[in-house]
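One structure is given below, encoded as structure tokens.
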Amino acid sequence: MAKIKKGDTVEVITGEHKGVKGVVQRVDTKSERLVVAGANIVKKHQKPVQAGRGKTQAGIIEFEAPISASNVLLVCPKCNALTRVGFRIDADGHKTRVCKKCQSDIE
């Protein structure tokens, strides 16, 4: 089970975009990187492409680049604090994520 999932609110704790809060849009578990809305925005110079599925516009496009999962911390929905994530196994055998500060379940 992943500690940070798509749809979680996280805050960047290190690097150029330190202090930026955003929602996780995409998670790549293999490379342990994730895309956070509003963080790590980069510019890409793109040529027009006509072949394939459709045409793409030429110019300078901006998009969120992946950031390492170690550079973000989860914002707990209950206590609204930056926290690490733990796990708890219920009596019926379900594994749930837990806030390390307030010990509440993270949905």
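No lab work stands behind these numbers, since they all come straight from the coordinates. Since the structure is predicted, the reported quantities are computational estimates derived from the model, not experimental observations. Note: ideal-geometry Cβ built from the backbone for every residue, glycine included; neighbour counts use all protein chains shown.
For this structure, a couple of remarks:
- When the stretch 67-95 is filtered for residues that are free of Cβ contacts under 8 Å to residues at least 40 places away in the same chain and crowded, with 16+ Cβ neighbours inside 10 Å, the ones remaining, listed by number, are Cys76, Thr83.
- Given (1) exposed (fewer than 12 other Cβ atoms within 10 Å of the Cβ); (2) in contact with a Gly (Cβ under 8 Å, 6 or more places away or on another chain), number of the condition Glu62 does not satisfy: (2)
- Matching residues, the stretch 80-101, being touching a strand residue (DSSP E or B) at 6+ places or on another chain (Cβ under 8 Å) and assigned to a loop (DSSP other than H, G, I, E, B): Ala81, Arg84, Asp90, Lys100, Lys101
Okay, residues lined up against (1) more than 12 Å from the chain's Cα centre (by Cα); (2) more than 23 Å from Gly86 (Cα to Cα); (3) part of a loop (DSSP other than H, G, I, E, B); (4) of a type in the set (Phe, Trp, Tyr):
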{"site": "Ala2", "(1), (2), (3), (4)": "no, no, yes, no"}
{"site": "Val10", "(1), (2), (3), (4)": "no, no, no, no"}
{"site": "Lys18", "(1), (2), (3), (4)": "yes, yes, yes, no"}
{"site": "Val24", "(1), (2), (3), (4)": "no, no, no, no"}
{"site": "Val27", "(1), (2), (3), (4)": "no, no, no, no"}
{"site": "Leu34", "(1), (2), (3), (4)": "no, no, no, no"}
{"site": "Lys43", "(1), (2), (3), (4)": "yes, yes, no, no"}
{"site": "Ile61", "(1), (2), (3), (4)": "yes, yes, no, no"}
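- Test: residue in the stretch 29-45 that is touching a Lys or Arg at 6+ places or on another chain (Cβ under 9 Å) and among the polar types (S, T, N, Q): no
- Within the stretch 64-107, the set of residues being under 24 Å from Ser31 (Cα atoms) and β-branched (Val, Ile, Thr) comprises Ile67, Val72, Val75, Thr83, Val85, Thr96, Val98, Ile106.
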